Amino acid sequence: MKKTITIALIAHDNRKPDLVKWVQSHKEELSNHHLCGTGTTSKRIAEATGLDVKAYMSGPLGGDQQVGAAIAQKEIDMLIFFWDPLTSQPHDPDVKALLRIAVLYDIPTASNPSTANMILVALTNRK
């Protein structure tokens, strides 16, 4: 029997369409897990897929910090964060803190579709 895990889904504005498309492509597998994410991203994924996605605040308004706190509390098992490497973000310190927490707590983290696919394959094939 596979364990249900909690997956955080986050994307910067220019990457939201990529994340929504990725979730749509993997809707069946993701429906077996708890999903959460920052405000706008969660809303767009839920609207596009019908999946239940727990929404934290918008990233720039503290959502990245909320997700980081949930990781530190061991409430989130995986982070899919399609961040935009070409656009300056006003909340960049929060983004870096979130990524630092993900590494510190050793949770699988994907920043692009290729890595997200690999993590999902590993998740799907675990016993």
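Quick notes on this one:
- Long-range HN-HN contacts of LYS54 with modeled amide H, under 5 Å: LEU35, CYS36, GLY37
- Our summary of shape: the Cα atoms of the chain have principal axis extents of 42, 30, 24 Å, ordered from largest down, in whole angstrom.
- Normalised by the number of residues in the chain, the mean separation of alpha-carbon contacts (under 8 Å, six or more apart) gives a relative contact order of 28 percent.
- Sorting 101-112, 69-80 by their mean Cβ neighbour count within 10 Å, with the most densely packed peptide first, gives 69-80, 101-112.
- Burial order of peptide ranges 62-68, 23-29 (average beta-carbon count within 10 Å, highest first): 62-68, 23-29
Every read-out reported here was derived from the displayed coordinates using simple, explicitly stated rules and does not represent laboratory data. Quick caveat: nothing in here was measured; it's all calculated off a predicted structure. FYI the Cβ positions are ideal-geometry reconstructions off the backbone, even for glycines, and counts take in every protein chain you see.
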